[in-house]
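The values are calculated or read from the model by the stated rules, or taken from the named source; none is laboratory data. This is a predicted model, so every value here is computed, not measured. Note: ideal-geometry Cβ built from the backbone for every residue, glycine included; neighbour counts use all protein chains shown. Keep in mind that these areas ignore ligands, DNA and RNA; they rest on the heavy atoms of the full protein, side chains included. Shrake-Rupley method; radii C 1.70, N 1.55, O 1.52, S 1.80 Å.
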Amino acid sequence: EVRVEEQTKTIESLHEEVKEARSQLNYEYKDIVGGSPAIMQVFKMMEHVTKTKIPVWIWGESGTGKELFARSLHFNSPWKDGPFVSENCGSIPENLLESELFGHKKGAFTHADRDRVGLFEQASGGTLFLDEVADMALPMQVKLLRVLQEGEVRPVGSNKKIKIDV
């Protein structure tokens with residue numbers, strides 16, 4: 001019984017430490033459970049990028065909650081009223097990925113029977129979360145980097161570039 005009381009006091013003390021540490025943050029990360037020193041360090045890093053327009057790379061193994069962190073960044077950002085679009089790039093065949101991300105014009109390739117808006121354009125004014133980017137072919141990663149640097153996409157089969165704010 002004494003050991004249970006000691007453990008209860010320890011748990012209560014740790015709970016208060018977590019509560020105090022979270023109270024020092026500018027934003028709520030209510031959907032993310034945790035209060036370890038490591039997770040608090042992640043929250044502090046998130047605080048630095050939440051209001052910036054820089055692309056954020058969230059790295060981790062599959063199933064570690066990358067999208068959860070991306071959603072937290074989005075819903076604490078100035079773009080929270082815009083769309084949150086999420087896509088697993090590893091699930092899209094390589095030959096369709098460019099069209100899926102950047103869109104395409106009617107007639108750009110076989111079976112392109114109408115214009116299609118890409119994910120970047122769909123997410124403009126909000127956040128685009130691309131999971132498994134490392135699984136993309138390197139030439140596609142280069143195109144993705146270019147879009148992030150320039151803030152514009154060119155749909156497959158188009159001569160015009162489209163400004164995006166993602």
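Residues in segment 42-69 that are more than 23 Å from E87 (Cα to Cα) and open to solvent by 80 Å² or more (accessible area, probe 1.4 Å): K44, M45, H48. Contact map, segment 140-151: residues that are farther than 12 Å from I164 by Cα and free of Cβ contacts under 8 Å to residues at least 24 places away in the same chain paired with residues that are part of a helix (DSSP H, G or I) and open to solvent by 80 Å² or more (accessible area, probe 1.4 Å), Cβ distance under 9 Å, separation 6+ or inter-chain. Pairs shown: Q141/A134.
The condition (being in contact with a helix residue (DSSP H, G or I) (Cβ under 6 Å, 6 or more places away or on another chain) and acidic (D, E)) is satisfied by just one residue among E67, E98, E150, E87: E87. When L96 is tested against the conditions (1) closer than 19 Å to I54 by Cβ; (2) open to solvent by 70 Å² or more (accessible area, probe 1.4 Å); (3) among the hydrophobic types (A, V, I, L, M, F, W, C), the lone failure is (1). Regarding segment 110-124, can at least one residue be identified that is assigned to a helix (DSSP H, G or I), under 30 Å from G34 (Cα atoms), among the acidic types (D, E) and more than 15 Å from the chain's Cα centre (by Cα)? Within segment 110-124, none of the residues are assigned to a helix (DSSP H, G or I), under 30 Å from G34 (Cα atoms), among the acidic types (D, E) and more than 15 Å from the chain's Cα centre (by Cα).
May I ask you to verify whether I39 is outside any strand (DSSP E or B), surrounded by 13 or more Cβ atoms within 10 Å (Cβ to Cβ) and of a type in the set (A, V, I, L, M, F, W, C)? Yes: the conditions hold for I39.
The rows are residues; the columns are (1) out of contact with any His (no Cβ under 8 Å at 6 or more places or on another chain); (2) closer than 19 Å to P55 by Cα.
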{"residue": "G107", "(1), (2)": "yes, no"}
{"residue": "L119", "(1), (2)": "yes, yes"}
{"residue": "V133", "(1), (2)": "yes, yes"}
{"residue": "V142", "(1), (2)": "yes, yes"}
{"residue": "G151", "(1), (2)": "yes, yes"}
{"residue": "P155", "(1), (2)": "no, no"}
{"residue": "I162", "(1), (2)": "yes, yes"}
